[in-house]
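First up is the structure itself, then whatever we jot down about it.
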Amino acid sequence: MPISAAREAVLAAVVQLPSEPIPLGIALDRTLAEPLAAAADVPPFGNSAMDGFAVRHDASSGPLPIVGESRAGRPSPVSVGPGEAIRISTGAPVPAGADAVARVEDTAESDGRVELTAAVAAGQNVRAAGEDLRAGERVLEAGTRLGAAELAVAVGAGAGAVVCARRPRVAILCTGDELREPGAPLGPGEIHNSNAVMLAALARREGAELVADERVADERDATEAAFAAALDDADLVIASGGVSVGPHDHVKPALTALGVEERFWRVSLQPGKPTWFGTRGERLVLGLPGNPVSSYVTFLLFARPALRALQGASAPLPPREEAVLTTALPRRGREQVVRVRLATAPGADGRPHATATPTGPQGSHITRSLLGADGLAFVAIGDGEVAAGESIPVERI
């Protein structure tokens, strides 16, 4: 199955998770389930963009008596009459009667009076009520992921909480008798379980709640028991290893016995060919290859969009863009996903263009190829090579 068709199959099986109200203080990286409208005008009143003096724009050129002060949080109780001025701070409400603010730098103050050294126009240095947001205006759409900027806008719009899809519950099961905990002493033929740490980090970065993270022995009964428990607790179960056809690969038969329907197995992809996907009701199961680079790449290709779609993201698949290869890459019988560093450099036309540089040897066991990679480049199936200087589609990590 081509990568694009496999991704479509995963997203077609996703049912968005139920929503819940979330206080804005803990809503970072959550996804809005409902649109958000401004409760009132923002700003709610006309205010000064500068420290200075609130005046009428037709103020006389002579000294104006300073009849009061407007500070942030403490509006002036008096209005500005003809030939008068009120001292004002940045952000403070513009007093009634005034329609402009003269900057401190454009005034000369003495003996309770201020003289304007530069003319002011109506509306100068005044932020109008509703200039940022209008009451009732929709400011954030459903499917928006809440970053710091979105949270600031939500607060300004008058919200104290937002409605978001609940966090996806994820279980990570790494199969293999050879796996040992990070830092543990290694015996003959044993390796450290880097996939568990890596996949957990990737899942958490997508807003997931980890409900299981365990090593599963290469035994049929142990495999079935681990997946049975995970399917009871998780929205998405991610298996690492054990999805191939070797005598000690028990994941597929265990999942079949548990009523998980296979949607696809094997993708025309390098690295990551033996990727498996199945469902049981609304539960999703992804079987990723055991090689760490393959596991990383297939998580980004399939698990990341699934987690985003579960949370109602408006665009679960990352956008693709074009980048110019800085070194040639061979074509093969499967679509390749190459880890690359993205940069910007002048093109032949003198304009800046995105460039993609492979991160070194691309073997599925070479975890160093992940270091410094901020993009995945897609090399289409074929003969020959993609030459240096040619454009290639990329997705940012």
| task | Looking only at segment 113-168, count how many residues are under 21 Å from ALA309 (Cα atoms), part of a helix (DSSP H, G or I) and in contact with a helix residue (DSSP H, G or I) (Cβ under 9 Å, 6 or more places away or on another chain). | result | 1
| remark: Exactly one of VAL153, VAL170 is under 30 Å from the mean Cα position of the chain (by Cα), open to solvent by 20 Å² or more (accessible area, probe 1.4 Å) and of a type in the set (A, V, I, L, M), and that residue is VAL153
| task | Can you give me the number of residues within segment 1-21 that are surrounded by 17 or more Cβ atoms within 10 Å (Cβ to Cβ) and touching a Lys or Arg at 6+ places or on another chain (Cβ under 6 Å)? | result | 1
| note | Residue hits (segment 32-41; open to solvent by 10 Å² or more (accessible area, probe 1.4 Å) and either under 18 Å from the mean Cα position of the chain (by Cα) or at pLDDT below 95 (or both)) are ALA33, GLU34, PRO35
| note | Just one listed residue, out of ALA142, ALA102, is touching a strand residue (DSSP E or B) at 6+ places or on another chain (Cβ under 8 Å), open to solvent by less than 30 Å² (accessible area, probe 1.4 Å) and in contact (Cβ under 8 Å) with a residue 40 or more places away in the chain, and it is ALA102
| remark: Looking across segment 67-86 at residues that are part of a strand (DSSP E or B) and over 19 Å from ALA49 (Cβ atoms), the single one that is nearest to the chain's Cα centre (by Cα) is GLY68
| When PRO44 is evaluated against the numbered criteria (1) crowded, with 18+ Cβ neighbours inside 10 Å; (2) in a loop (DSSP other than H, G, I, E, B), which criterion, by number, is the only one it fails? | (1)
| Extreme residue, nearest to ARG304 (Cα to Cα), among residues of segment 363-397 that are without any contact (Cβ under 8 Å) to a residue 60 or more places away in the chain, of a type outside the set (Lys, Arg) and in contact with a Ser or Thr (Cβ under 9 Å, 6 or more places away or on another chain) | ALA373
| All strands (runs of 3 or more DSSP E) inside segment 169-250 with 2 or more residues being more than 15 Å from VAL285 (Cβ to Cβ) | 209-216
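The values are calculated or read from the model by the stated rules, or taken from the named source; none is laboratory data. Model, not experiment: these values are computed from the prediction. Cβ: placed from backbone, ideal geometry, glycine included. Neighbour counts: every protein chain shown. These area figures cover heavy atoms from the full protein model, side chains too; ligands, DNA and RNA do not enter into them. Shrake-Rupley method; radii C 1.70, N 1.55, O 1.52, S 1.80 Å.
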